[in-house]
Amino acid sequence: MPNLGIPETARRLGISRQAVHSAIRRGIIHAEREGYYWHVSEAEVARLMQPEEIARRAKYRRERRRETGATRTEEVLMEKAD
């Protein structure tokens, strides 16, 4: 399977390029670096699009909101600060 760059990964997942970089740093998205570029396999993008994975991430966001008492807007701002 071919590898995707950050912009294409972001487009397929419906998130920003910065969010992809952040998810790679946090280990949510598994990627390989080749020089300056990151490569994400199509299989990894398919894994992230599975209903179970989407539900797991949504559950994590709800738990994090409960722990911090943050609103959705505050949570987005916290993620951008990471």
Farthest positive-ward along region 1-49 dipole, Cα basis, beta-carbon charges - from Ala19, Ser41, Ile29: Ala19
In region 1-38, which residues have a backbone nitrogen under 18 Å from the label point lying 7 Å from Glu52's Cα in the Cα-to-Cβ direction? 28-30
Label point distance in nm, Glu67-Arg25, each placed 7 Å from Cα along Cα→Cβ: 1.8 nm
With a sphere of radius 11 Å drawn around the Cβ of Arg17, what net charge do the other residues whose Cβ falls strictly inside it have (Lys, Arg +1; Asp, Glu -1)? 0
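Every number in this text was worked out from the coordinates using simple rules, so none of it is lab data. If you're wondering where the values come from, they're calculated on a predicted model, not measured in any experiment. Note: ideal-geometry Cβ built from the backbone for every residue, glycine included; neighbour counts use all protein chains shown.
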